[in-house]
1. Which members of the range 104-119 meet the condition of being open to solvent by 20 Å² or more (accessible area, probe 1.4 Å) and in a loop (DSSP other than H, G, I, E, B)?
2. In the range 301-327, how many are in a loop (DSSP other than H, G, I, E, B) and either modelled with pLDDT of 90 or more or open to solvent by 40 Å² or more (accessible area, probe 1.4 Å) (or both)?
3. Restricting attention to the range 205-246, which residues are under 20 Å from the mean Cα position of the chain (by Cα), of a type in the set (A, V, I, L, M) and assigned to a loop (DSSP other than H, G, I, E, B)?
4. Name the single residue that is nearest to Ala316 (Cα to Cα) among those in the range 460-478 being in a helix (DSSP H, G or I) and more than 23 Å from the chain's Cα centre (by Cα).
5. Within the range 278-308, track down each residue that is acidic (Asp, Glu) and either in contact with a helix residue (DSSP H, G or I) (Cβ under 6 Å, 6 or more places away or on another chain) or farther than 30 Å from Asp137 by Cβ (or both).
6. If you check every pair at least six apart or on different chains, which have Cβ atoms under 8 Å apart with a residue in the range 49-62 that is in contact (Cβ under 8 Å) with a residue 24 or more places away in the chain and on the phi > 0 side of the Ramachandran plot first and a residue that is among the β-branched types (Val, Ile, Thr) and buried (at least 20 other Cβ atoms within 10 Å of the Cβ) second?
7. Of the residues Leu439, Leu451, Leu412, which single one is among the aliphatic types (A, V, I, L, M) and part of a strand (DSSP E or B)?
8. Could you run through the range 174-214 and say how many residues are touching a residue at least 12 places away in the same chain (Cβ under 8 Å), over 13 Å from Tyr5 (Cβ atoms) and open to solvent by less than 60 Å² (accessible area, probe 1.4 Å)?
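The values are calculated or read from the model by the stated rules, or taken from the named source; none is laboratory data. Bear in mind that the values here come from a model prediction, so they are computed numbers and not experimental data. Glycine gets a Cβ as well: all are built from the backbone with ideal geometry, and neighbour counts include every protein chain shown. With ligands, DNA and RNA removed, areas are computed over all heavy atoms of the protein, side chains included. Shrake-Rupley method; radii C 1.70, N 1.55, O 1.52, S 1.80 Å.
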Amino acid sequence: MQNHYDLLIIGGGINGAGIARDAAGRGLKVCLVEKDDLASHTSSASTKLVHGGLRYLEHYEFRLVRESLIERERLLAIAPHIIWPMRFVLPHDKGLRPKWMLRLGLFLYDNLGGRKLLPGTQDVNLRAAPHGTFLQDRLTRGFEYSDCWVEDSRLVVLNCMDARERGADIRTRTECVNLERGTESWTATLRSETGEERITAHQIVNAAGPWVDRVLGRAVPAEEHHNLRLVKGSHLIFPRLFEGDHCYIFQNKDDRIIFAIPYERDFTLVGTTDQLFKGDPAGIDISPEEAAYLCDAANEYLRTAISPEQAVASYAGVRPLYENNAASNSTVTRDYQFELNDDGPALLSIFGGKLTTYRKLAEHALEKLGVSGASWTAEKALPGGDIDPSRFDAFVGEKTAAYPWLPPETVLRLARAYGTLMADMIGDAQGTGDLGAHLGGDLYARELEYLAAEEFATTADDVLRRRSKLYLHLDGDAQRRVADWFAEARA
């Protein structure tokens, strides 16, 4: 007998994960399938910000900015371990946006979303420390405002963990290869490493990101599907370029902006690009032209120039934006769009969206599908996130005292990754000798066991590049030991 679900969600990025959590919490029987790992494409290739989208104000997207600003504080409240405040320094540069325009935009940014948790904008002297040693002499004044950092892949994983706790069936490395519409339900053919299986579902959400049109082609093959503009965004990672916990936002002469952000303690993240993309979105990387663009744009501001050769790593992804025929890739809307095909059992396809608005998108998606039940995700903490955001430093202090045998930097890493679930991961260990094999750095087998059992991890990349960024901190031998551990676990 085939498994039957109320809702089949195709795609394990942030949109699919958020909908799975919300729907499962309303009592629906949910199945989510992802052909690769959770967050393995667009949702792990972001600039890793929960933000209102300051530059969207220039394109009069006030609704999107307001919704994003409201969501920014909601997400900070429900996941303060993986989301935290950051101050952004915006230099004023003569010849680009005038100072009055920047000040007006930031005034709106401070007030559109009912800001409560984050400090507002202030003027900043760029000749004073620490900015004066990093920025060019012509840059004397600027503004400092608030947004938030997010561990993007972990945001997806935590939503799926919570969905599973509420009864959802989360299947990674499982592709939906065929869809057949019946009078009352869909029949989906799912392919995984163990073979093929057919399930039925009353409704389907197509949250396949860059592959949303491909899924539409399988579901409704008689129609043409060209709804997407794929826009590639690439990032470079450098050894730390400046001191401090703040981020810089640099205006470019092409009216775009790039960020320089403290990253993984020892590095600086520089991005992103906006380049029209055609081809297979899987396995892409930064192009030489993009790398040069990022460095050239940053070098307009930096006292000491950077070059692509100095980067220690890079990553790239494509944004599956709704094609609204905007003149340029940077002005095409980042707002989300729905396409509901209800000629029979419903199929809801999702275009666009951003990390910051995923929770609200999920509410709107279920509303489109006519799902009953009150919205609930705005107040309920994500796994490990039941911490007062204002007390996170105190929480870290408590964990440092509880585990005196762990270095403080390891306690901070684990607290940031797992929040209150850190105790579940460590278990009853009384010292590092109780954490299993030492794989390198501060990584032990106990953590891999937890990630495999609780966080859907099945490969070394799942751990090193998505559930953490330990690939930046572990040498090649250590990374091979992680791969060997997973190979032995699968044997």
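1. Passing the criteria: Leu112, Gly114, Arg115, Lys116, Leu117, Pro119.
2. Residues flagged as in a loop (DSSP other than H, G, I, E, B) and either modelled with pLDDT of 90 or more or open to solvent by 40 Å² or more (accessible area, probe 1.4 Å) (or both) within the range 301-327 amount to 12.
3. If the condition is that a residue be under 20 Å from the mean Cα position of the chain (by Cα), of a type in the set (A, V, I, L, M) and assigned to a loop (DSSP other than H, G, I, E, B), then Ala207, Ala208 are the ones that fit.
4. Gly476
5. Asp280, Asp285, listed by residue number.
6. Qualifying pairs under 8 Å: Gly53/Val65; Gly53/Thr356.
7. Result of the check over Leu439, Leu451, Leu412: Leu439.
8. Selection size over the range 174-214: 16.
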